[in-house]
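Trainee: I have a structure I would like to understand better, so I am pasting it below and will then ask my questions one at a time.
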Amino acid sequence: MKSTGIVRKVDELGRIVLPIELRRTLDIDVKDSLEIYVDGSQIILKKHEPACIFCSNAKDVIHFKGKNICQGCVHDIGLM
């Protein structure tokens, strides 16, 4: 894990601000969703990308009847 040297305080509502440099680098825009992971005593934030319910692929995902399915699985199961 690489340190950025950036330190931020948590406000009284539990919020932190992600610096614009990090948001630009990681392509995080206003209203984007972030996933929160805990690894021991570390909190890890990751940009949420919807993934296929069958293979967990996050590329070429379509929304089909309330579920995310990638084009490969769509082809494999003959949906389209």
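Trainee: Quick one: how many lysine pairs does the chain have with C-alpha atoms less than 20 Å apart and a gap of 8 or more or different chains? Give me the count, please.
Mentor: Within the chain, the lysine pair count is 9.
Trainee: Points 7 angstrom from Cα along the Cβ direction at K59 and D11: gap in nanometres?
Mentor: Taking the two extended label points, one gets 3.9 nm.
Trainee: I'd like the trypsin sites (Lys or Arg not before Pro) in segment 17-78 restricted to DSSP loop residues with at most 10 other Cβ atoms within 10 Å, sorted by number.
Mentor: Sites meeting the loop and neighbour criteria: K31, K59, K65.
Trainee: Moving to a separate point now. Looking at (i) 34, 13, 13; (ii) 27, 15, 8; (iii) 35, 12, 8, which value of semi-axes √(5λ) of the Cα gyration tensor in Å comes from a calculation on the structure shown?
Mentor: (i)
Trainee: So which GluC sites (Glu not before Pro) in segment 4-80 end up in coil per DSSP with only 12 or fewer other C-beta atoms within 10 Å? Intermediate values should be presented prior to the final figure.
Mentor: Numbers: sites: E12, E21, E35; in loops: E12.
Answer by residue number: E12.
Trainee: Continuing with the same structure: Taking a probe of 1.4 Å, how large is the accessible area per residue of the chain, in Å²?
Mentor: It amounts to 88 Å² per residue over the chain.
Trainee: On full extension of the chain, what length is gained from D76 through I36, given 0.36 nm per residue of separation minus the C-alpha to C-alpha distance? Numbers along the way, then the final one.
Mentor: Numbers: separation 40, 0.36 × 40 = 14.40 nm, distance 3.16 nm.
Extra length available between D76 and I36 comes to 11.2 nm.
Trainee: Then there is this: Using Cα pairs closer than 8 Å and at least 6 residues apart in sequence, work out the relative contact order for the chain, in percent.
Mentor: Taking the mean separation of contacting Cα pairs over the length of the chain, I get 14 percent.
The values are calculated or read from the model by the stated rules, or taken from the named source; none is laboratory data. Just so it is clear, the model here is predicted, and its values are computed rather than measured. Backbone-built Cβ (ideal geometry, glycine too); neighbour counts: all protein chains shown. Just the protein is used for accessible areas: all its heavy atoms, side chains included, with ligands, DNA and RNA removed. Shrake-Rupley method; radii C 1.70, N 1.55, O 1.52, S 1.80 Å.
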